[in-house]
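*Asks:* Have a look at the structure that comes next, please.
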Amino acid sequence: MTARRAASPPWFLIGPGVIAVAFLVVPLIALLLQAPWDSFASIISTPSAMDALRLSFVTSLIATAIAAVIGIPLAWLLAREILPGTRLIRALVIVPLLLPPVVSGVALLAAFGRRGAVGGFLFDTFGIQFPFTTTGVILAETFVAMPFLIITLEGAFRSFDRRFEDAAVTLGASPWTVFRRITIPLVGPSIIAGAALCWARALGEFGATITFAGNFPGVTQTMPLAVYTALESDRDIAIALSILLLAVSVAVLVALRGNYMRGASRS
Amino acid sequence: MSISRHLLAWSAATAITVTSLVGAGAAGAAPGRPVAPQQVTGTVTVSAAASLTDVFPVIAAAFMRKYPGTNVKFNFGGSPALVEQINAGAPVDVLATASELTMWKAVNAGRVNAPFLFAKNGMAIAMPPGNPAGIKRLSDLARPGVLVAVCAVAVPCGATTTDVLKLNSVVVKPVTLELDVRAVLGKVMADEVDAGIVYVTDVKAAGGKVTSVTIPPASNVTTTYPIATVIGAPNVEAARAFVTYVRFTTSAQGILHAYGFARPW
């Protein structure tokens with residue numbers, strides 16, 4: 001009797017759980033139902049859609065690369081609590097993740113706009129301006145997406161067995177060799193997971209981009225901006241482009257899952 | 001040539017407007033007749049074009065003084081986005097757009113009652129204080145190196161901007177296509193662009209935060225603003241009262257005038 005009761009799922013969890021699933025899945029299905037399937041191929045192969053897609057891929061990949069180059073070292077420093085005020089730094093670098101993206105855009109303008117604290121100097125001295133450039137898009141995406149990589153990696157650096165590193169050091173390996181040959185391979189799956197999350201966030205970036213970098217086809221109009229712009233004129237185009245982004249998201253999820261499983265079986 | 005490009009399309013619509021107005025008058029409270037204050041109460045939700053951001057709250061304050069117990073709430077944005085929301089069933093009482101074309105999309109979808117034209121607006125060039133690029137006339141916007149923000153062509157300010165540039169044979173390569181006119185004004189006020197094409201009323205609203213160049217009437221294009229009650233509005237009486245107030249009272253028309261809007265009639 002007791003065993004039976006333990007095996008039956010608690011009713012008070014099933015109801016809310018089913019509602020949660022429906023709430024998250026119904027809009028996606030509705031999107032697919034409204035799709036203009038007969039004109040789908042022609043819509044997503046228009047030059048403007050291809051421009052937006054290409055721009056989105058290029059900027060989000062560069063943003064992810066930048067986040068990896070400076071974010072992975074920071075994640076390691078945070079995990080080992082090497083820097084003074086580690087807790088404060090950790091809190092600060094996570095803020096952009098919690099901030100409404102449009103606020104990130106305003107903050108980026110304050111820093112890198114042509115009258116901004118840093119941007120003003122760059123503009124007056126070198127004539128460099130970030131807003132309305134593809135570089136501006138990359139800055140916005142990196143700002144918003146890098147915390148995802150840092151958080152994922154810091155967790156991985158914290159949880160792995162440091163005796164491998166210690167052993168390598170005892171055997172005479174330099175810090176660079178230990179980091180490159182022991183640390184990075186051990187957290188490899190987490191790097192891929194963190195980079196994928198970071199990339200997906202960069203790919204979907206909207207608020208900071210339109211606020212900081214503006215909206216011009218081929219230069220700063222990434223896919224999410226193209227969706228929003230299309231919504232002003234042609235709903236079918238907006239839906240078709242949305243489905244394309246949805247497909248990319250699902251593909252990331254599938255690829256990531258494969259990686260997680262391979263990573264788990266390896267270790 | 002200060003004639004709206006949609007005027008022809010509109011004249012057909014006006015014919016229908018008049019007919020349905022007569023019909024509405026026979027059926028119930030005529031939008032043209034003042035509604036007794038005691039019937040009008042509660043919250044009125046108004047979706048209004050971004051260019052009405054400053055003037056509508058002032059009109060709403062006067063409206064709420066006239067009808068105590070009412071509370072006007074606003075949803076400002078680009079007109080097509082507002083129409084899109086209402087067509088998708090947003091619980092809105094009143095829609096005011098910055099062009100007849102966008103309003104017509106809501107009329108066609110059967111989502112709003114017959115609209116009234118209540119204001120008219122023209123375009124102007126706004127520059128950051130000090131006018132860093134030395135803009136003096138519309139053709140200066142075509143100079144290489146001048147950063148120009150305009151509205152996307154899908155929103156009314158963008159359609160009118162396109163018409164103005166075409167009328168003056170000026171070819172501008174903007175750096176950004178914003179989705180409502182206040183976003184253009186914002187980029188100008190932030191001094192991130194050298195110039196933006198906005199409504200005359202936006203320049204007035206920005207006060208000393210921008211400098212401006214007026215576009216002479218002969219080479220300007222205007223857009224007219226329709227307002228309508230939404231079919232199935234949560235607060236029908238108050239929605240009618242608000243539309244009537246905006247269109248037919250001298251106080252509302254006076255406020256519109258003070259903010260730089262012209263009369264469409």
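*Asks:* Which of the following residues is surrounded by fewer than 18 Cβ atoms within 10 Å (Cβ to Cβ) and modelled with pLDDT of 90 or more: A:P101, A:P96, A:P73, A:P147? Can you show your working first?
*Replies:* Working: A:P101 fails: surrounded by fewer than 18 Cβ atoms within 10 Å (Cβ to Cβ); A:P96 fails: surrounded by fewer than 18 Cβ atoms within 10 Å (Cβ to Cβ); A:P147 fails: surrounded by fewer than 18 Cβ atoms within 10 Å (Cβ to Cβ).
It is A:P73.
*Asks:* When the residues of the stretch B:88-112 are filtered to those that are more than 17 Å from B:A239 (Cα to Cα) and either facing chain A (nearest Cβ under 10 Å) or basic (K, R) (or both), which remaining residue is surrounded by the most Cβ atoms within 10 Å (Cβ to Cβ)?
*Replies:* Among them, the one singled out is B:T102.
*Asks:* Does the stretch A:94-115 contain any residue that is among the β-branched types (V, I, T) and over 21 Å from A:A213 (Cα atoms)? Give the derivation first.
*Replies:* Here is the first cut: in the stretch A:94-115, the ones among the β-branched types (V, I, T) are A:94-95, A:102-103, A:106.
Restricting the remaining residues to those that are over 21 Å from A:A213 (Cα atoms) gives A:94.
Within the stretch A:94-115 (the criterion being among the β-branched types (V, I, T) and over 21 Å from A:A213 (Cα atoms)), the answer is yes, since at least one residue qualifies.
Yes/no matrix, rows are residues, columns are (1) surrounded by fewer than 20 Cβ atoms within 10 Å (Cβ to Cβ); (2) over 25 Å from A:I138 (Cβ atoms):
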| residue | (1), (2) |
| --- | --- |
| A:R163 | yes, yes |
| A:W176 | yes, yes |
| A:R180 | yes, yes |
| A:F212 | no, no |
| A:T229 | no, no |
| A:L241 | no, no |
| A:L256 | yes, no |
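*Asks:* Can you tell me which of (1) part of a loop (DSSP other than H, G, I, E, B); (2) at pLDDT 95 or above is the one A:F132 doesn't meet?
*Replies:* (2)
*Asks:* Residues in the stretch B:221-232: is at least one surrounded by 21 or more Cβ atoms within 10 Å (Cβ to Cβ), in contact with a Cys (Cβ under 7 Å, 6 or more places away or on another chain) and of a type in the set (S, T, Y)?
*Replies:* Scanning the stretch B:221-232 turns up no residue that is surrounded by 21 or more Cβ atoms within 10 Å (Cβ to Cβ), in contact with a Cys (Cβ under 7 Å, 6 or more places away or on another chain) and of a type in the set (S, T, Y).
*Asks:* Please verify whether B:T102 is closer than 21 Å to B:V184 by Cβ and either at pLDDT 95 or above or of a type outside the set (F, W, Y) (or both), treating the condition exactly as stated. Spell out the reasoning first.
*Replies:* Working: closer than 21 Å to B:V184 by Cβ: yes; either at pLDDT 95 or above or of a type outside the set (F, W, Y) (or both): yes.
Against the criterion (closer than 21 Å to B:V184 by Cβ and either at pLDDT 95 or above or of a type outside the set (F, W, Y) (or both)), B:T102 qualifies.
*Asks:* Contact list please: Cβ distance under 9 Å, first residue in the stretch B:95-114 and within 20 Å of B:A241 (Cα to Cα), second residue part of a loop (DSSP other than H, G, I, E, B) and charged (D, E, K, R), pairs at least six apart or on different chains.
*Replies:* What qualifies is B:L95/B:R111.
*Asks:* Here is a follow-up. Hey, can you tell me all the residues within the stretch B:152-171 that are surrounded by fewer than 20 Cβ atoms within 10 Å (Cβ to Cβ) and within 14 Å of another protein chain (Cβ to nearest Cβ)?
*Replies:* B:V153, B:T162
*Asks:* Inside the stretch B:134-145, can you point out the residues that are within 14 Å of chain A (Cβ to nearest Cβ) and at pLDDT 95 or above?
*Replies:* Within the stretch B:134-145, no residue meets the criteria.
*Asks:* Oh, and also: I'd like to check something: does the stretch A:230-243 contain any residue that is among the β-branched types (V, I, T), in a helix (DSSP H, G or I) and more than 14 Å from every other protein chain (Cβ to nearest Cβ)? Let's see the steps before the verdict.
*Replies:* Taking the stretch A:230-243 and keeping what is among the β-branched types (V, I, T), we get A:237, A:239, A:243.
This time we only want the ones that are in a helix (DSSP H, G or I), so: A:237, A:239, A:243.
Within this subset, residues satisfying the condition of being more than 14 Å from every other protein chain (Cβ to nearest Cβ) are A:243.
Yes: one or more hits.
*Asks:* Continuing with this model, one more query. Note down all Cβ pairs under 7 Å where the first residue falls in the stretch A:123-135 and is away from chain B (no Cβ under 13 Å) and of a type in the set (A, V, I, L, M), the second is in a helix (DSSP H, G or I) and crowded, with 18+ Cβ neighbours inside 10 Å, and they're at least six residues apart or on different chains.
*Replies:* none
*Asks:* So how many residues does the stretch A:35-45 have that are surrounded by 13 or more Cβ atoms within 10 Å (Cβ to Cβ) and either more than 19 Å from A:P224 (Cβ to Cβ) or over 24 Å from the mean Cα position of the chain (by Cα) (or both)? Give the steps one after another, and end with the answer.
*Replies:* Within the stretch A:35-45, the first condition is being surrounded by 13 or more Cβ atoms within 10 Å (Cβ to Cβ), and the residues that meet it are A:35-36, A:40, A:43-44.
Now drop any that are not either more than 19 Å from A:P224 (Cβ to Cβ) or over 24 Å from the mean Cα position of the chain (by Cα) (or both), which leaves A:35-36, A:40, A:43.
Qualifying residue count for the region: 4.
*Asks:* Based on what the data block shows, is A:A195 buried (at least 20 other Cβ atoms within 10 Å of the Cβ), modelled with pLDDT under 95 and more than 11 Å from chain B (Cβ to nearest Cβ)? Walk me through how you get there before you give the answer.
*Replies:* Values: buried (at least 20 other Cβ atoms within 10 Å of the Cβ): yes; modelled with pLDDT under 95: yes; more than 11 Å from chain B (Cβ to nearest Cβ): yes.
Yes, satisfied.
*Asks:* Determine which member of the set A:S8, A:S56, A:S48 is within 19 Å of A:M223 (Cα to Cα), modelled with pLDDT under 90 and either touching a helix residue (DSSP H, G or I) at 6+ places or on another chain (Cβ under 7 Å) or not β-branched (V, I, T) (or both). If you could, list the steps in order and put the result at the bottom.
*Replies:* Working: A:S8 fails: within 19 Å of A:M223 (Cα to Cα); A:S56 fails: modelled with pLDDT under 90.
Matching residue, one of A:S8, A:S56, A:S48: A:S48.
*Asks:* Still on this structure: I need the full set of residues from the stretch B:185-204 which are more than 10 Å from chain A (Cβ to nearest Cβ) and within 19 Å of A:V106 (Cβ to Cβ), in order please.
*Replies:* B:L185, B:V188, B:M189, B:G196
*Asks:* Report whether or not A:L203 is within 14 Å of chain B (Cβ to nearest Cβ), modelled with pLDDT of 90 or more and closer than 22 Å to A:G136 by Cβ. If you could, list the steps in order and put the result at the bottom.
*Replies:* Values: within 14 Å of chain B (Cβ to nearest Cβ): no; modelled with pLDDT of 90 or more: yes; closer than 22 Å to A:G136 by Cβ: yes.
It is false that A:L203 is within 14 Å of chain B (Cβ to nearest Cβ), modelled with pLDDT of 90 or more and closer than 22 Å to A:G136 by Cβ.
The values are calculated or read from the model by the stated rules, or taken from the named source; none is laboratory data. A quick note: this is a predicted structure, and the numbers were derived from the prediction, not measured. Note that each Cβ is placed from the backbone with ideal geometry, even for glycine, and that neighbours are counted across all protein chains shown.
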